[in-house]
1. Quick one: which of 296/332; 67/159; 11/43; 40/332; 43/67; 105/165 span more than 20 angstrom between C-alpha atoms?
2. Just how far, in whole angstrom, is segment 64-89 from segment 210-269 if you go by their alpha carbon centroids?
3. For segment 220-228, just list the computed ³J(HN,Hα) in residue order, Karplus coefficients 6.51, -1.76 and 1.60, θ = phi - 60°, integers in Hz, with x standing in for Gly and Pro.
4. Distances over 29 Å make up what percent of all Cα-Cα pairs in the chain?
5. Shape call for segment 48-199 from the C-alpha gyration tensor, a ≥ b ≥ c root eigenvalues: rounded (a/c under 1.5), prolate (a/b greater than b/c) or oblate?
6. Using modelled backbone amide H atoms (1.01 Å from N, in-plane), which distant-in-sequence or interchain residues come within less than 5 Å of residue 13's amide H?
7. Could you give the size of the charge dipole of the chain about its Cα centre, using +1 on the Cβ of each K and R and -1 on the Cβ of each D and E, expressed in debye and rounded to the nearest 20?
8. Sequence-distant or interchain residues sharing an amide H contact under 5 Å with residue 89, placed H: which?
Amino acid sequence: MDSFTYFIPTKVLFGAGKLNELASTPLPGRKALIVITAGKSMKANGYLERVQALLTENHCGHAVFDKILPNPILSHVMEGAALARRENCDFVIGLGGGSSIDSAKAIAIMAKNPGDYWDYVSGGSGRALPIPNGALPIVAITTTAGTGTEADPWTVITKEETNEKIGFGCDLTYPVLSIVDPELMTTVPPRLTAFQGFDAFFHAAEGYLANIATPVSDAFALQSIALLARSLPAAVKNGADLAARTDVALANTLSGMVESTSCCISEHSIAHALGAYHQNLPHGAALAAVSEEYFKFFADKAPERFVKMAEAMRIANATPAKFVEALVQMQKECGIYPVKLSEYGVSAVELPTIADNARETMGGLFELDPVALNRDEVIGILQRSYR
């Protein structure tokens, strides 16, 4: 690799207590639409109230949209954008995990542009139209460590009517400001901590294996893998372990930088297809469910890369097979192995449909695999993963 492009325009405030700087840091507007999920955590933990108070201290108005689902849907993007226009909001804050921040990015586009969000999505039934009017500025305040969305342009939204769960993004959807405060992550339950942490792990590992990886993305990816191997089990075991939480938070932000300088590969297409049909299935769980068989498939096809990932995990006498073994062991230490897809309503008979959906909606990621995967191989990975 002797040429590449590097572009991550996001200012990141990282570290314990950094949320307090929201009261004094320059903001990209004077009234924010704060986007949160329909769940209780942002309010029950006091995070929403705290953000509102800090915005007020910074002489910034705000409105709240609180309907986002764990797997965000198109109709809520459109509803949130309509609210942003009615309230005359001039920027958007995504507060919470990937679902809130991803939705904030999509809302930021639709608050300024006509038509339907799917008009601009590339992939599946999206029309891939140019975005004529730009987007509202985006601020990301992450309370989880999994998606890396605070450091990348990507947003994943589901079109319910067609079972399309598609990642989309462009230069307009990079956050202008991201706050990564590990203190906000200590309330995440153990199982969700594990699923989110493995989402970050696979962003890094897939980006390292992608055929468009660069020296910059490689550095981010290997450091992310090393931090997660060292500290994710500890963060799962004791959510109040701030040192472990800080490692996992940094790994997550680095994995977002991997997505900005390289890209995910087809494991994410497969996981998105599973989630499109089963919205109760956490994204990290879908990834973990297929990961052992997925990485086994590629282990002998990119051996040097697998050895480097194993070495990042501090595996002695590293081999490609030992990376897969270490990945499984890490999942066991985090209490999630094996993920049983049947417990989330996935049936064996629908696996070919899921394989087809993965290629139809996010087929572009298959083109970034180290070697090409055909339909039968994808079905085989799903079948061997199924429990």
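The values are calculated or read from the model by the stated rules, or taken from the named source; none is laboratory data. In this text, all values refer to a predicted model and were calculated from it rather than measured experimentally. Positions of Cβ are backbone-derived with ideal geometry, glycine not excepted, and every protein chain shown enters the neighbour counts. The protein model used for the area step is the full one, side chains on, heavy atoms only, and it has no ligands, DNA or RNA in it. Shrake-Rupley method; radii C 1.70, N 1.55, O 1.52, S 1.80 Å.
1. 11/43; 40/332
2. 29 Å
3. Running phi through 6.51 cos²θ - 1.76 cosθ + 1.60 with θ = phi - 60° gives 4, 5, 5, 5, 4, 4, 4, 5, 5 Hz.
4. The calculated P(r) of the chain puts 37 percent of pairs beyond 29 Å.
5. oblate
6. Counting only residues 5 or more places away or on other chains, the set is 178, 179, 180.
7. The calculated dipole for the chain is roughly 700 debye.
8. For residue 89, no residues qualify.
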